[in-house]
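Reviewing the structure listed below.
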Amino acid sequence: MTLVLRFGRADAARCRFAISPLQETMSALLVLKAPGRHGWYLPWLRDVWPDLARLDLGLLYAAAPSNGYGPDFLWPSPTSPLTTIDDDLAQVRATDPATVAAELAEHTRRHALRDDLRRILTGDPVLARDTLANQQQLAWQALVEPLWDRIRGLLDADIATRARQLADGGLEGLFAGLHRRAIWKNEELHLTGFRHGTVDLRGRGLVLVPTAFGWPNLGIGPTDDTSDPPPALVYPMLGTAQLWEPATRSPAVGRLLGTGRASVLAETVVPSTTGSVAHRVGLAPATVSEHLTVLRQAGLVTTARRGREVLYRQTPLATALLRSEPW
């Protein structure tokens, strides 16, 4: 089964990248629903499992199927690489009640649910929508927010890499290494493993959304030809394993740079802001800022802008130094 995305003359120019904190939250929720299938995420599962008992996510669990149809309004299409969780949740809470009712009715028709959850999902659509959005916010706070700074840094790095591929090789170069189920041919993107059909992009373009919690899957939606928002193609980001690996340090580098500066350098394995590094190493932001300035001048970190923020990341030289001998 293959879903084909048909590109017109204007669609290539309207392909863009975006991120979605809510997409990460919903993907993390799906990992929780089938933890045995996601060994990649075991370190994260061990961290969050003790907090799950006190969360009331029953309705959201019921509305987010592991496979098959799910209500599209719970996965709003992101439009920018600067999207925040408040932006995402505002989209969910602004969904037309008629759309909520129709999508939840279709969802309950296709999936076996407990009677009490089915009654809520098929009852007052405003109540169902707002309850689901509130549970999404709770899930975000417990499952994703503690890691968001590191996740966000890797998402930014993925977008920078993919944007370079797009600039150097066009859509063919971009899709060549995006995912094994995404195949570019004859000015069309063929997505295997989806329902058979064709989606005409109609000048809307395509939104490309990297994800940390979606590995190894590929997602696409909405795929309705009459939909106004462009489809969003959700793919696993590069470097996901770095989220769970502890920062690598070397005693020799510690003696050379000092313990504090070496710790700051180690934490830049993931693109990070001054504040996030300060939080992780337990130093004052002003101290970390001074360390990062020296490290940049020494050619051990590079900088990139994300809106008004500056991200710091290790250079290959720094990575080689830090891995020369583990602490």
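Rundown of residues vs (1) surrounded by 21 or more Cβ atoms within 10 Å (Cβ to Cβ); (2) modelled with pLDDT of 85 or more; (3) over 26 Å from PHE73 (Cα atoms), yes/no style:
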| site | (1), (2), (3) |
| --- | --- |
| LYS185 | no, yes, yes |
| PRO210 | yes, yes, no |
| THR226 | no, no, no |
| ALA241 | no, no, yes |
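In region 84-104, the qualifying residues are those that are outside any helix (DSSP H, G or I) and surrounded by fewer than 20 Cβ atoms within 10 Å (Cβ to Cβ), and the one that is nearest to the chain's Cα centre (by Cα) is THR84. Looking only at region 107-150, filter to residues that are outside any helix (DSSP H, G or I) and over 20 Å from ASP96 (Cβ atoms); which one of those is most open to solvent (accessible area, probe 1.4 Å)? Residue satisfying both the conditions and the ranking: ARG114.
Going by the conditions given, is ARG249 open to solvent by 50 Å² or more (accessible area, probe 1.4 Å), at pLDDT 85 or above and over 24 Å from the mean Cα position of the chain (by Cα)? Spelling it out, it is not the case that ARG249 is open to solvent by 50 Å² or more (accessible area, probe 1.4 Å), at pLDDT 85 or above and over 24 Å from the mean Cα position of the chain (by Cα). Listed by first and then second residue, the pairs linking a residue in region 52-79 that is open to solvent by 70 Å² or more (accessible area, probe 1.4 Å) to a residue that is among the hydrophobic types (A, V, I, L, M, F, W, C) and in a loop (DSSP other than H, G, I, E, B), with Cβ atoms under 7 Å apart and 6 or more places separating them unless they lie on different chains, are THR79/ALA18. Of all the listed residues (TRP40, TRP44), the sole one being closer than 20 Å to ILE151 by Cα, at pLDDT below 85 and over 14 Å from the mean Cα position of the chain (by Cα) is TRP40. Just for region 270-310: of the residues that are assigned to a loop (DSSP other than H, G, I, E, B), open to solvent by 40 Å² or more (accessible area, probe 1.4 Å) and more than 17 Å from THR259 (Cα to Cα), which one is modelled with the highest pLDDT? Only one residue fits best here, namely ARG308.
Every residue, every condition in (1) among the β-branched types (Val, Ile, Thr); (2) touching a Leu at 6+ places or on another chain (Cβ under 8 Å), yes or no:
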position: LEU127; (1), (2): no, no
position: GLN136; (1), (2): no, yes
position: TRP140; (1), (2): no, yes
position: VAL144; (1), (2): yes, no
position: ASP158; (1), (2): no, yes
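The values are calculated or read from the model by the stated rules, or taken from the named source; none is laboratory data. Only a predicted model underlies this, so the values are computations on that prediction, with no experimental measurement involved. No Cβ is skipped: glycine too gets one built from the backbone with ideal geometry, and neighbour counts run over all protein chains shown. SASA here: full protein model, heavy atoms, side chains in, ligands and nucleic acids out. Shrake-Rupley method; radii C 1.70, N 1.55, O 1.52, S 1.80 Å.
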